[in-house]
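Notes for the one structure printed next.
The values are calculated or read from the model by the stated rules, or taken from the named source; none is laboratory data. Just so it is clear, the model here is predicted, and its values are computed rather than measured. Glycine gets a Cβ as well: all are built from the backbone with ideal geometry, and neighbour counts include every protein chain shown.
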Ligand SMILES: *Cc1c(COP(=O)(O)O)cnc(C)c1O
């Protein structure tokens, strides 16, 4: 290292202020209604402090307790904590998806669902989504099956379960494994059962913007005891249970800390009430926006208990004089925060078009990427704020009508 290296400027690795604001880290102005509420309360803070005082920081009893309670809450038999939702996907994929496999997955959503398929050395086969549910269109998926297709991954996007009957029907007919990405859908239900009851494995994230958080964190649930054992092995360097430094599989370190698990347990106990609040807020918004001709409000999948991670409206751009981004700016001027999840189909992302050569058109996904706008729906909103959000949306829509 020469003298010049000591002069090098430190690299700023903090997320930009705009992202912090969008994720609720920094209030923009006191009147602004934020799109996310990620503050921790006293119950989470004291639970974390208790673990800090105990000195037992690594994955231990709190993680085990969190796993038991989370499995029960989601209708699954087994649950395994992981350090984030992306490693939860990676763990769930590894025993089920092999190199060279083709894997059906939705073209609309967050990239990790697809990028972790590529990380397995497998090929994502993008499928278009249903414009009403935002989730994988099983009929479209059926048409895209290849001789090497071994699995289907379905995301429960925005808190709305996919059409599980259709996905499992497809999987049964074609002999596919099923993995669900429920990063946005803790406590969602389908036909009266927790979504953890379905498929070979279900993955969750506890990132701060999700319906519940541990800072960073994730979980995999499954009803398959053998799979659960395999995942536990992979999570901890392939170390045989109870046999320190005896490694029987090539594994990783995807463990969660007991500090995070204590926060997760406290958040999980708050979640039923917060979910009820999200649902009430969503129903209210939909009622107030029902007469707005340029806004399409979200509806749950038939048979599903939506948990409204996002309240995603679709803008009728054919009847508006502005695009979605301009609409969002006008809402900001009305002191209503909003967020665009997602401005691009996954199948349209630069790295995906680079790595996945045969690019099929995804008309619905591409349309949603232009139309979707997420409004605040979180548990911290007051009734007055919900009213103000709907009024602001109606005012902007009225002003921009074509
Ligand atoms: C957040 C999210 C992930 C990734 O979870 P992280 O905890 O951020 O790694 C994966 N899939 C979906 C659908 C998500 O929303």
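General observations
- Summed over region 101-129, the residues that are more than 19 Å from residue 171 (Cα to Cα) and either in a loop (DSSP other than H, G, I, E, B) or not assigned by TED's automatic domain parsing to the domain that holds residue 171 (or both) give a count of 6.
- Hey, residue 255 buried (at least 18 other Cβ atoms within 10 Å of the Cβ), assigned to a loop (DSSP other than H, G, I, E, B), under 23 Å from the mean Cα position of the chain (by Cα) and at negative phi or not: yes
- Residue 229 within 16 Å of the ligand (Cβ to nearest atom), at pLDDT 95 or above and assigned to a helix (DSSP H, G or I): no
- Residue 155 buried (at least 24 other Cβ atoms within 10 Å of the Cβ) and not assigned by TED's automatic domain parsing to the domain that holds residue 277: yes
- Taken together, the residues in region 360-377 that are more than 19 Å from residue 296 (Cα to Cα) and surrounded by fewer than 20 Cβ atoms within 10 Å (Cβ to Cβ) amount to 2.
- Looking only at region 285-316, residues that are touching a helix residue (DSSP H, G or I) at 6+ places or on another chain (Cβ under 6 Å) and either more than 22 Å from residue 379 (Cβ to Cβ) or assigned to a helix (DSSP H, G or I) (or both) come to 8 in all.
- Qualifying positions in region 164-185 - away from the ligand (no atom under 11 Å from the Cβ) and surrounded by 24 or more Cβ atoms within 10 Å (Cβ to Cβ): 164, 167, 179
- Total residues in region 327-359 satisfying the condition of being surrounded by fewer than 15 Cβ atoms within 10 Å (Cβ to Cβ) and over 26 Å from residue 210 (Cα atoms): the figure is 6.
- Answer from 213, 189 - the residue that is away from the ligand (no atom under 16 Å from the Cβ), touching a helix residue (DSSP H, G or I) at 6+ places or on another chain (Cβ under 7 Å), at pLDDT 95 or above and closer than 26 Å to residue 35 by Cβ: 189
- Residue count, region 196-210 (criterion: more than 13 Å from the ligand (Cβ to nearest atom) and either assigned by TED's automatic domain parsing to the domain that holds residue 306 or outside any loop (DSSP other than H, G, I, E, B) (or both)): 3
- Scanning region 131-156 for residues that are assigned to a loop (DSSP other than H, G, I, E, B) and within 16 Å of the ligand (Cβ to nearest atom) yields 133, 134, 135, 156.
- Residue in region 235-248 that is outside any strand (DSSP E or B), crowded, with 19+ Cβ neighbours inside 10 Å and assigned by TED's automatic domain parsing to the domain that holds residue 76 present: yes
- Among the candidates 105, 127, residue that is buried (at least 21 other Cβ atoms within 10 Å of the Cβ) and more than 28 Å from residue 254 (Cα to Cα): 127
- Among the residues of region 317-336, those that are in contact with a helix residue (DSSP H, G or I) (Cβ under 8 Å, 6 or more places away or on another chain) and in a loop (DSSP other than H, G, I, E, B) comprise 322, 323, 334, 335.
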